[in-house]
Amino acid sequence: MSLKLREYQQEALNAVFTALNKPESQTRQLIVLPTGTGKTIIFGAIIKRMKTRTLVLAHREELLRQAAQKIKLVYPDADTGFLQAQDLSGLKTEICIASVQTAVRHLKELQARGFELCICDEAHHAVASSYISIFEALDFLKDIKTRVLIGFTATPYRNDKLGLKHIFGNIPVFERSIAAMTEAGYLCKSRGIEI
């Protein structure tokens, strides 16, 4: 049995597929949700629904492990592996959970896999040259119906003024603020403490 999505998670999932099914299919999308609202659960649900060869990109080990764990919660039969440091198991699985640093070193092997879905966790990092080289090598920056790029972030705005629009196109396809999530009871009210 897989995990049941919260209402807003289901809304996010619906928004993704509504955008994909438009005549001018939006194949590069961004989802913006605060920390603690289950972005990883949503991308697990997207992977389950699409059931296609998927690359999940993250930049830290704990995010890679969290992705694998949450994907399995939503999609227990998911065939997952890692592409990180010496662990290259993801080069043989349906879902490859990869560190950006290792993925850059294995672009030829990744190209041969023919990924149709790329999930970018912490998508505000996606303007970095390492991410762009992966997206370009795997054709995720071209508007091709068989290449879907979906970014997830809590912080879509960057201090360096490099926008995400040229990567993800429609910004965002789904968004909820901290205030909205707190008001709905999904996040507790914040309390500042002066030290």
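A count restricted to segment 148-160 and to residues that are in a loop (DSSP other than H, G, I, E, B) and not small (Gly, Ala, Ser) stands at 6. Step by step: first the residues of segment 106-138, then only those that are in contact (Cβ under 8 Å) with a residue 60 or more places away in the chain and of a type in the set (D, E, K, R), then the one that is nearest to Pro34 (Cα to Cα). Which residue is that? My answer is Glu122.
Here Glu7 fulfils each of the conditions (1) open to solvent by 70 Å² or more (accessible area, probe 1.4 Å); (2) modelled with pLDDT of 95 or more apart from (2).
Across segment 161-178, the qualifying residues are those that are assigned to a loop (DSSP other than H, G, I, E, B) and open to solvent by 80 Å² or more (accessible area, probe 1.4 Å), and the one among them that is modelled with the highest pLDDT is Leu162. Would you confirm whether or not segment 120-142 contains a residue that is among the hydroxyl-bearing types (Ser, Thr, Tyr), open to solvent by 30 Å² or more (accessible area, probe 1.4 Å) and touching a Ser or Thr at 6+ places or on another chain (Cβ under 9 Å)? No, segment 120-142 contains no residue that is among the hydroxyl-bearing types (Ser, Thr, Tyr), open to solvent by 30 Å² or more (accessible area, probe 1.4 Å) and touching a Ser or Thr at 6+ places or on another chain (Cβ under 9 Å).
The listed residues are Lys145, Lys189, and the only one of them that is assigned to a loop (DSSP other than H, G, I, E, B), at pLDDT 85 or above and closer than 23 Å to Ile97 by Cα turns out to be Lys145.
Checked against (1) acidic (Asp, Glu); (2) at pLDDT 95 or above; (3) over 19 Å from Val148 (Cβ atoms), Glu94 passes all but a single condition, namely (3). From the list Phe115, Phe135, Phe140, Phe152, which residue is out of contact with any strand residue (DSSP E or B) (no Cβ under 6 Å at 6 or more places or on another chain), under 20 Å from Thr52 (Cβ atoms) and of a type in the set (Phe, Trp, Tyr)? Criteria check complete, one pass: Phe135. Would a scan of segment 133-143 turn up a residue that is on the phi > 0 side of the Ramachandran plot and within 17 Å of the chain's Cα centre (by Cα)? Yes, because at least one residue in segment 133-143 is on the phi > 0 side of the Ramachandran plot and within 17 Å of the chain's Cα centre (by Cα).
Report, by residue number, each residue of segment 2-22 that is free of Cβ contacts under 8 Å to residues at least 40 places away in the same chain and farther than 21 Å from Lys165 by Cβ. Spell out the reasoning first.
Filtering segment 2-22 down to residues free of Cβ contacts under 8 Å to residues at least 40 places away in the same chain leaves 4, 7, 9-10, 13-14, 17-18, 21-22.
Lys4, Glu7, Gln9, Gln10, Leu13, Asn14, Phe17, Asn21 - these are the residues of segment 2-22 that are free of Cβ contacts under 8 Å to residues at least 40 places away in the same chain and farther than 21 Å from Lys165 by Cβ.
The values are calculated or read from the model by the stated rules, or taken from the named source; none is laboratory data. Treat the numbers as computed from the prediction; the structure is a model and nothing was measured. All Cβ positions, glycine included, derive from the backbone under ideal geometry; neighbour counts span all protein chains shown. Ligands, DNA and RNA are excluded from the accessible area calculation, which covers all protein heavy atoms including side chains. Shrake-Rupley method; radii C 1.70, N 1.55, O 1.52, S 1.80 Å.
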